[in-house]
Amino acid sequence: MSNKKAAKSAIVTIIGRPSSGKSTFLNTAAGEKVSIVSPVPQTTRNSIRGIINTSYGQLVFIDTPGYHNSEKKFNNQLKSIAEENIADSDLVLYLIDSTRIPGEEETLVVQLVRPFLDKTVIGINKIDLPESNQQKIKDFLTQVFPDFPQERIVSVSAANDTNINDLLLQLYKLAPEQPAFYPEEYYTDQEVDFRISEIIRENAMNLLHDELPHAIYVEIADMEWRNENKKLWVRAFIVVERDSQKGIVIGKSATMIKTIRIESIKQLRKIFDYKIELDLQVKVNKNWRQKDNVLAKLLQKSDN
Ligand SMILES: Nc1nc2c(ncn2[C@@H]2O[C@H](COP(=O)(O)OP(=O)(O)OP(=O)(O)O)[C@@H](O)[C@H]2O)c(=O)[nH]1
Ligand SMILES: [Mg+2]
């Protein structure tokens, strides 16, 4: 962090297929837990802003849902979040998972990014893993973007913070000279209730298996300051699609819901400097992924 006024600043949309490491990158770059992460594709469901300030200026990253084709209504709405943000941003960070073979799904992202190549930096991610094949990705990039400047392709490990500064430097090089968008002490613009709901969802996603992570959303029903504003009391619901899923989230002798609650509180303690008391319950909203009003509510956080 620097006290100097930012000389350059840019809105940078992070684009990539599901699980390429967009949210992990954002957390590492910001040095804070900004966006939730899980091994399950389609973890991110909104445009999440994470802000970094250095002596070069301010970069406002917008994390987006993994870009892929699907007939499902919810997925199509998530796809449009990436499309809308990429068009409006100053710069694009395209992250590619180097442990996967670039097939049809990667080609779809290439098509999305292509009109914005002049303002794009590419990160080849997950180079810490033994199955990473950087050369394969570089060959793919030469094929799809033959004239793309090599210095704007940076191999990184978002998880291990390898070469992240090199990548940021390339973004700063492209960033326009303009005043900062946010005060320097900000690292995200998310509201407290949204962040709490996301941390609960992250823990639920990481603890539950099969289709369940996609079948849940988290609703904050009530929040109240207690103990002379030293403690925030929160009532939240993990909402599932079917009655049969309710029991799985609660678990045998309620062990699953208890674990989700305890793990969430642990993480929330690190994020906020006040105590959080969490009353966590489960309820059913039948087939919510088909309901326009529910989807609109869940996606509204991406309007900012
Ligand atoms: N080893 C390793 N794992 C990584 C790296 N970056 C991300 N991951 C892992 O990859 C998985 C997906 O990471 P996310 O950051 O959630 O990916 P994403 O692109 O935001 O995914 P969506 O939001 O679903 O589109 C998680 O299990 C991460 O821990 C990396 O550099 N190295
Ligand atoms: Mg994500």
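The values are calculated or read from the model by the stated rules, or taken from the named source; none is laboratory data. The model shown is predicted, which means the values in this text are computed figures rather than measured ones. A quick note on method: Cβ atoms are made from the backbone with ideal geometry, for glycine too, and the neighbour counts reach across all protein chains shown. SASA here: full protein model, heavy atoms, side chains in, ligands and nucleic acids out. Shrake-Rupley method; radii C 1.70, N 1.55, O 1.52, S 1.80 Å.
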- Output the number of residues of segment 155-189 satisfying the condition of being in a helix (DSSP H, G or I) and open to solvent by 40 Å² or more (accessible area, probe 1.4 Å). 5
- Query: Filter segment 30-45 for residues that are open to solvent by less than 30 Å² (accessible area, probe 1.4 Å) and within 6 Å of ligand 1 (Cβ to nearest atom); which is modelled with the lowest pLDDT?
  - Reply: Q42
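Here's the yes/no breakdown for (1) assigned to a helix (DSSP H, G or I); (2) open to solvent by 50 Å² or more (accessible area, probe 1.4 Å); (3) in contact (Cβ under 8 Å) with a residue 60 or more places away in the chain:
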| position | (1), (2), (3) |
| --- | --- |
| I96 | no, no, yes |
| P102 | no, no, no |
| T107 | yes, yes, no |
| L112 | yes, no, yes |
| I122 | no, no, no |
| D128 | no, yes, no |
| K136 | yes, yes, no |
| L141 | yes, no, no |
| E151 | yes, yes, no |
- Quickly run through segment 138-190 and pick out the residues that are among the charged types (D, E, K, R) and within 24 Å of G57 (Cβ to Cβ). E151, R152, D161, D166, K173, E177, E184, E185, D189
- Message: Within segment 7-27, does at least one residue satisfy the condition of being more than 21 Å from N163 (Cβ to Cβ), in a loop (DSSP other than H, G, I, E, B) and away from ligand 2 (no atom under 11 Å from the Cβ)?
- Response: yes
- Item | segment 76-128, residues that are more than 30 Å from Q290 (Cα to Cα) and β-branched (V, I, T) | V92, I96, T99, I101, T120, V121, I122, I124, I127
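Counting only residues that are touching a residue at least 40 places away in the same chain (Cβ under 8 Å) and part of a helix (DSSP H, G or I), which one in segment 85-94 is farthest from ligand 2 (Cβ to nearest atom)?
D88
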- Task: Go through (1) within 16 Å of ligand 2 (Cβ to nearest atom); (2) more than 22 Å from D166 (Cα to Cα); (3) out of contact with any helix residue (DSSP H, G or I) (no Cβ under 8 Å at 6 or more places or on another chain); (4) open to solvent by less than 40 Å² (accessible area, probe 1.4 Å) one by one and return the number of the condition F74 breaks.
- Result: (3)
- Of all residues in segment 156-197, which are polar (S, T, N, Q) and in contact with a Gly (Cβ under 8 Å, 6 or more places away or on another chain)? T188
